[in-house]
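Working notes, structure below.
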Amino acid sequence: MIRFNHVTKTFPRGGTGVRDVSLHIGKGEFVFLTGHSGAGKSTMMRLMYADYRPSSGDIRVSGFPVGGLTPAEVARLRRRLGIIFQDFRLLEDRSAEENVAFALEVTGARRDSIGSKVMRALTQVGLAAKATAYPRELSGGEQQRVAIARALVNDPAILLADEPTGNLDERATRGVFQLLRDINAGGTCVVMATHDLDLVRQVSYRTVELREGAVVFDSGVDEPRDGLEP
Amino acid sequence: MRLLFREAILTFRRAPLLSALSIITIAFALYVVGLFGLVALNLQRALKQVEERVEVVAYLLRNTPPETVALASQEISAFPEVLSVTYVSDEEALRRAQSGLVEFKDAFRDLQVNPLPASIEIRLKAGFRDAAAVRSVADRLRGYTFIEDVRYGREWVEKLDHLRNLSGVVVLMIGLAFAVVAVVIIGVTIRITVLQRAKEIMIMRLVGATNWFIRGPFLLEGAIKGLLGGLLSAAMCYGSYLLFRGNTEVAREGLVFFRAPQLVIGVLFGIVIGLGGSLVSVGRHLRNV
């Protein structure tokens, strides 16, 4: 699914996002990316959806070589991914269903299939009853659910979640996290960047810890340890 | 295609003020170009009217046989530069002088002998009214033995030549400058629209829209704004033309407005600028996000 082979990302204005990272995430896995702010979690995510290109090394996501993709190939890769963010990134002037439908429309989906797919995705995240509500009329947790529905509507094989609970209260966090677990249980590979260690400790999913851009711990490879660094 | 139109039209509905401002900005930018175009058009027309008066007059020796003049007139008519050849007899020349120079009426009445020679008046075709062509015709006319003198107002034709060249360069340079300014203003206007929709573009990219799919609605929107701006500027130009013509005595007779094809070109120019401005603005934005 996702393979990093000695990947380093440096920035033109200085600084290193990730350094010499090698990592393999298999089909159907749920993987946490953890670490302090600036540890390189978001850089890793952006490399995965080809928003960044590696400075050295090789990345393959769903078979796409991220380093050498043309803009059209980047678009094709992203259609196979679902991406969600801490700040939801919804269009304020469109309803929940329009936001979800947008992801289908821009990929050229057939019009007659859009309505049913949108309702299926909204039902999956438990928001079918609020399909016509605008983002400003929804709570933070509900907005993130709309974003998840938008990410799911194209049936992605991989869901990338960059701090999806960062803006949510505890209750909403639990709800969104459970939703991500359900999605993973359905066979979708989920990669979730988070610094919420309480959440990480609740489950026994694979955890990859980053520090200053390097992988310092990978529970899928290393010996288990008692606790992760705060 | 349907989505393309819907997204383009939605922009006008979501941000009517910004859309109206864009169209008005485009209209004013094109209006300035249009006004300058009107000035250039009328200047060229005035120059053309002056040009049409360019004439070569060949004065004939007295007692030149009419058949010689007729034969020569036929030859001269065959010159590639020549539009028409008119023979003016000495009597006709005197009649013209009497009616044209009324202050010398008494002097003409007392004449015992007609002092004015017969002549051939040669008008030239458009494109052959510059100093070089006129001089070339005059030189060939001097080759006829029965032609005593050839006049064409050398200095006047040379000045006209100079004015024509100068006006051509000035019209081209100022016109280009105005057009460039219009392109820049319209580009900036469209860039504001693009920035306003930066979040939408970012989301489109994240969900896998191709760059051309993202560009599509912006290009259409730019073209529609260019079209509306172009039509508005044409109406403003026409209003200014009517206002100027109505208030200016001199202009009432001579002033002309653009013909339909010229107006169509102006509106097409607006569409092309709208499209170009959108293409550049969206392209730049897509490279940066």
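The numbers here are math on the coordinates, done by the rules we state, and not lab data. Everything numeric here is computed off the predicted structure, so don't read it as measured data. With ideal geometry, Cβ positions are generated from the backbone for all residues, glycine too; neighbour counts draw on all protein chains shown.
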Taking amide H positions as placed 1.01 Å from N in the peptide plane, with prolines and chain starts having none, which residues 5 or more places from A:ILE2, or on another chain, fall under 5 Å of its amide H?
A:ILE25, A:SER62
Name the residue from A:SER42, A:GLY115, A:GLN178 whose Cα lies farthest towards the positive end of the charge dipole of chain A, charges +1 on Cβ of Lys and Arg and -1 on Cβ of Asp and Glu.
A:GLY115
Can you tell me what share of the DSSP beta bridges in the protein assembly as shown is antiparallel? A percent to the nearest 5 is fine.
65
Of all GluC sites (Glu not before Pro) in the range B:13-106, which ones are in loop regions per DSSP and have a Cβ with at most 13 other Cβ atoms within 10 Å?
B:GLU52
Summed over the other residues with a beta carbon less than 12 angstrom from that of A:PHE30, with K and R at +1 and D and E at -1, the charge totals +1
Below 13 angstrom from the Cβ of A:THR165, what's the summed charge of the other residues (Lys, Arg +1; Asp, Glu -1)?
-3
Placing +1 on each Lys and Arg Cβ and -1 on each Asp and Glu Cβ in the range B:122-187, then taking the dipole about the Cα centre, the residue among B:THR145, B:VAL184, B:GLY168 whose Cα reaches farthest towards the positive end is B:THR145
Residues of the range B:93-121 with the amide nitrogen closer than 17 Å to a label point 7 Å from the Cα of B:ASN63, along Cα-to-Cβ, please.
B:113-118
Which of the lysines could a cross-linker span from B:LYS125 if the Cα-Cα distance has to be under 25 Å and same-chain partners fewer than 8 positions apart are dropped?
B:LYS48, B:LYS159
Taking the Cα centre of the range B:178-289 as origin, sum charge times position over the Cβ atoms of Lys and Arg (+1) and Asp and Glu (-1), and report the length of that vector in debye to the nearest 20.
420
Which helices pass in chain B if a helix is a full DSSP H run, must span at least 20 angstrom along its long axis by Cα, and must have mean Kyte-Doolittle hydropathy not below -1.0?
B:16-51, B:154-196, B:211-247, B:260-288
Near B:GLY187, within a Cβ-to-Cβ distance under 13 Å, what is the net charge of the other residues, with Lys and Arg +1 and Asp and Glu -1?
+3
Picking from A:LEU91, A:LEU81, A:LEU104, which is most flexible by a Gaussian network model of chain A using Cα springs under 10 Å?
A:LEU91
State the Cα centre-to-centre distance between the range A:4-22 and the range B:29-96 in whole Å.
80
Charges only on Cβ, +1 for Lys and Arg, -1 for Asp and Glu: so what's the dipole of the protein assembly as shown about the Cα centre, in debye to the nearest 20?
1140
Enumerate the amide H contacts of A:PHE217 below 5 Å, restricted to partners 5 or more residues apart or on another chain; note that Pro and chain-start residues carry no placed amide H.
A:GLU209
Taking the Cα-to-Cβ direction at B:LEU21 and at A:SER22 and moving 7 Å from each Cα, how far apart do the two end points lie in nm?
5.6
Rounded to 0.05, the calculated FRET efficiency for the beta carbons of B:ARG284 and A:ARG174 at R₀ = 45 Å is 0.55
Beyond 23 Å, how much of the Cα-Cα pair distribution for the range B:55-151 remains, as a whole percent?
31
Simple spin-label estimate for A:ALA109/A:ARG53, 7 Å along Cα→Cβ, in nm, reads 3.0
Shape call, the range A:37-85: gyration tensor on alpha carbons, a/c limit 1.5:
oblate
